[in-house]
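A quick write-up on the structure given underneath.
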Amino acid sequence: MTHDIFAAARARVLEALARVVPGLPEAVAARVEVTLPREAGHGDMASNAALIVAKPARRNPREIAAALAAAFADDPLIASAEAAGPGFLNLRLRPAAWHDLLRGVLRAGESYGDSTLGQGATVNVEYVSANPTGPMHIGHCRGAVVGDALANLLGKAGWKVTKEYYINDAGNQVAALAWAAYWRYMQACGLEISAEAFDAQTPNGLQYRGDYLVPVGEALHAKFGRSLLGPDDGIAPAESWLVTVRDFAIAAMMDQIRADLAALGVHHDVFSSERKLVESGAAAAMIERMRDAGLIYEGVLEPPKGKLPEDWEPRQQTLFRATAYGDDVDRPLRKSDGTATYFANDIAYHAQKIAAGAKVLIDVLGADHGGYLPRMRAAVSAIGGASFEGVLCQIVHVLKGGQPLKMSKRAGTFITLRDLLDEVGPDAVRFTILTRKSDAQMDFDIDAVVAQTRENPVFYVQYAHARCRSVLRAAEEQFGAAALAPETLAGADLSSLTNDQEEPQHRRMGGWPRLVEAAAQAREPHRIAFFLYDMAADFHMLWNRGRDDATLRFLQTDHPEETRARLALVAATAIVIRSGLRVMGVSPVEEMR
């Protein structure tokens, strides 16, 4: 068997099925699965083959399952096969099959579990995409971790992935950032002007007051001196400085965002600017392209259901026929002043990604963007060339000492990502975030994350890898590094690995390639954390049994062959844990301190 033991078993089932029920259409055979049975007592694997083919074959499924079981009577890697229930096929593997799997893991290394499921299709995963108006906060953190892990997972499962960040650097929010940076610039010039005094002189009020803009103001002063001030050191006319300060502040914020993301272990392939897209006229061109395709019309929307907003008025608008593509209502593409709406800009932006070659577009968004998904899915469907998916990330509540963590002094209104990284480090942040499905709210309990207990999955999985490495270091001192080379361990006599306590470890690592594909198809990287926790539990149990039963210890001087076999199991366990941690973006530790 290959090191994807479930895929290999399925291939054997299909071979047997072709003999028992010849001439089956490929579409029927494609639905045949080999999975873990619901109960361990039913065997190592179960197949629905007989149930799938019974109707087109016009035969009793139980009869087909019995015939399939008989076909495996002389299979060298199948210990037993039996029909069960209404027509399931249960398989139990011989130890040699698990030993072949172990050798495959050792030879593949961390590439074990790599799949061709995606068939090299190009997928663009856009995540974070925060407004460059302040530091990264905990909400951004969840989207960053989920998006990055999902991109890694898709890459392992055979997709060609681009990681993208969309810089929302157009509109009123970045104008508000410019005013706040100008206030800090005036302070850096030595002018004592309070937030309240400056606020009274701004067009829309002073929205950003955190200390994080103090260095930006100082940098503006260092570069421009007092040249941006107005007469008598007052506020100069906005047209004389707004663009300069805005661009300077955006660049400074993006430098900080990139640094925060790097500290979290997140690195994007592409950074796209909304402002450049707007200035290029891409949105206007997209509107005309959609008009030519009959996708838009001039019309009046129905009033919103429920309470009518005071500012609502029926008026002629340029509307996208979104309802024709599954959305609830048609969507405006132009504002009352004739400029493109944010949605029109977003359509042009997604068209840009399609033009770059992406066939699947995945946006990782905050939960408050749930209403955005149907309209964007409709738009991508209308313009064609790719499919659109959204992954929503719910709110994270940070606790310390059983209480909500206080706001960041530097940011003024929220907990920054840097604050969290300083508390627990990037590995703990990433792993903990991935212990919950992204669309479920979660409490990030700092005390629990740093606790060295089984209840802390970060510690528990890292400890399992550290224990593996400690065994292998001790073995290297005893046998030398050459004896622990993967190919050497793969060539060891593994026949002694038949103990009931070692079988769960075999089964778990055998399920890793299947788990990678299932998690990638479902777009659920949190499944990796659950798998690793179970893998760690199996290994810790084996470790503890060795303390109670000397015959189960990994290193036994008097039994060199058994020792080499168990070292192969330990090395393979460490490989699978590292393979999973790599997808999560978490560093495996060599030893616990």
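The values are calculated or read from the model by the stated rules, or taken from the named source; none is laboratory data. Here the structure is a predicted model, which means the values were calculated and not measured. Because the Cβ atoms are built from the backbone with ideal geometry, glycine has one as well, and the counts that use them run over all protein chains shown.
Could you please find all residues in segment 343-374 being of a type in the set (A, V, I, L, M) and touching a residue at least 40 places away in the same chain (Cβ under 8 Å)?
Of the residues in segment 343-374, the ones of a type in the set (A, V, I, L, M) are 344, 347-348, 351, 354-356, 358, 360-362, 364-365, 367, 373.
Hits for segment 343-374 are Ala344, Ile347, Ala348, Ala351, Ala356, Ala358, Val360, Leu361, Ile362, Val364, Leu365, Ala367.
Matching residues to (1) farther than 16 Å from Ala149 by Cβ; (2) of a type in the set (Phe, Trp, Tyr):
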| site | (1), (2) |
| --- | --- |
| Arg527 | no, no |
| Phe530 | no, yes |
| Ala537 | yes, no |
| His540 | yes, no |
| Glu561 | yes, no |
| Arg564 | yes, no |
| Leu569 | yes, no |
| Arg578 | no, no |
| Val586 | no, no |
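Quick check, is Ala9 crowded, with 18+ Cβ neighbours inside 10 Å and of a type in the set (A, V, I, L, M)?
Details: crowded, with 18+ Cβ neighbours inside 10 Å: yes; of a type in the set (A, V, I, L, M): yes.
Answer is yes for this residue.
Can you spot a residue in segment 531-547 that is surrounded by fewer than 19 Cβ atoms within 10 Å (Cβ to Cβ), on the phi > 0 side of the Ramachandran plot, at pLDDT 95 or above and not hydroxyl-bearing (Ser, Thr, Tyr)?
no
Residues of segment 35-66 being crowded, with 18+ Cβ neighbours inside 10 Å and touching a residue at least 40 places away in the same chain (Cβ under 8 Å), which ones?
Gly43, Asp44, Met45, Ala46, Ser47, Asn48, Ala49, Ile64
So which pairs qualify, if the first residue must be in segment 323-342 and touching a residue at least 60 places away in the same chain (Cβ under 8 Å), the second must be part of a loop (DSSP other than H, G, I, E, B), the Cβ gap must be under 8 Å, and the two must be at least 6 apart or on different chains?
Partner pairs satisfying both residue conditions: Ala340/Leu333; Tyr342/Gly171.
Which ranges mark the helices (runs of 4 or more DSSP H) fully within segment 18-74 that have 1 or more residues being modelled with pLDDT of 95 or more?
Working: elements: 26-29, 49-57, 61-71.
Here the list reads 49-57, 61-71.
Within segment 81-115, can you find the residues that are at pLDDT below 95 and of a type in the set (S, T, N, Q)?
Hits for segment 81-115: nothing passes.
Select from segment 186-209 the residues that are under 16 Å from Thr133 (Cα atoms) and not charged (D, E, K, R) and write down the one among them that is nearest to the chain's Cα centre (by Cα).
Step one: filter segment 186-209 for residues under 16 Å from Thr133 (Cα atoms), giving 204-209.
Still in the running and not charged (D, E, K, R): 204-208.
Working: Asn204: 38, Gly205: 38, Leu206: 36, Gln207: 32, Tyr208: 31 Å.
It comes out as Tyr208.
Report those strands (runs of 3 or more DSSP E) wholly inside segment 246-327 carrying at least 2 residues which are within 30 Å of the chain's Cα centre (by Cα) and within 30 Å of Pro426 (Cβ to Cβ).
Details: elements: 270-273, 296-299, 317-320.
Filter on segment 246-327 gives 270-273.
Looking at (1) closer than 25 Å to Ala483 by Cα; (2) in a loop (DSSP other than H, G, I, E, B), find the lone condition where Glu524 falls short.
(1)
I need the full set of residues from segment 1-29 which are of a type outside the set (Lys, Arg) and more than 30 Å from Leu106 (Cβ to Cβ), in order please. Explain how you work it out, then say what you get.
Looking only at segment 1-29, we keep the residues that are of a type outside the set (Lys, Arg), and these are 1-9, 11, 13-18, 20-29.
Leu17, Ala18, Val20, Val21, Pro22, Gly23, Leu24, Pro25, Glu26, Ala27, Val28, Ala29, listed by residue number.
What are the pairs, 6+ residues apart or on separate chains, where a residue within segment 237-248 that is in contact (Cβ under 8 Å) with a residue 24 or more places away in the chain and in the same structural domain as Arg184 (by TED's automatic domain parsing) has its Cβ under 9 Å from a residue that is in a helix (DSSP H, G or I) and charged (D, E, K, R)?
Hits for this filter: Phe248/Lys223.
Can you name every residue in segment 439-497 that is in contact with a His (Cβ under 8 Å, 6 or more places away or on another chain) and within 26 Å of Cys393 (Cα to Cα)?
Gln441, Met442, Asp443, Phe444, Tyr460
Of all residues in segment 210-236, which are of a type outside the set (Phe, Trp, Tyr) and either in the same structural domain as Met136 (by TED's automatic domain parsing) or within 38 Å of the chain's Cα centre (by Cα) (or both)? Steps first, please.
At the first step, the residues of segment 210-236 found to be of a type outside the set (Phe, Trp, Tyr) are 210-211, 213-223, 225-236.
Passing the criteria: Gly210, Asp211, Leu213, Val214, Pro215, Val216, Gly217, Glu218, Ala219, Leu220.
Here are some conditions: (1) in contact (Cβ under 8 Å) with a residue 60 or more places away in the chain; (2) more than 30 Å from Arg566 (Cα to Cα). Ile78 meets all but one. Which one does it not meet?
Only one criterion in (1) in contact (Cβ under 8 Å) with a residue 60 or more places away in the chain; (2) more than 30 Å from Arg566 (Cα to Cα) is unmet by Ile78, namely (2).
Please go through segment 330-341 and give me each residue that is modelled with pLDDT of 95 or more and either farther than 26 Å from Ile383 by Cα or in a loop (DSSP other than H, G, I, E, B) (or both), ordered by number.
Asp330, Leu333
Enumerate the pairs (first residue in segment 581-593 and closer than 13 Å to Ile528 by Cβ; second residue anywhere and in a loop (DSSP other than H, G, I, E, B)) with beta-carbon separation below 6 Å, excluding pairs fewer than 6 apart on the same chain, so at least 6 apart or on different chains.
Once the first residue is closer than 13 Å to Ile528 by Cβ and sits in segment 581-593, its partners that are in a loop (DSSP other than H, G, I, E, B) give Leu581/Pro588; Met584/Leu434; Gly585/Gly265.
Given the criteria assigned by TED's automatic domain parsing to the domain that holds Met254 and either at pLDDT 95 or above or over 22 Å from Gln256 (Cβ atoms) (or both), does Gln207 qualify? Walk me through it before giving the result.
Values: assigned by TED's automatic domain parsing to the domain that holds Met254: yes; either at pLDDT 95 or above or over 22 Å from Gln256 (Cβ atoms) (or both): no.
Spelling it out, it is not the case that Gln207 is assigned by TED's automatic domain parsing to the domain that holds Met254 and either at pLDDT 95 or above or over 22 Å from Gln256 (Cβ atoms) (or both).
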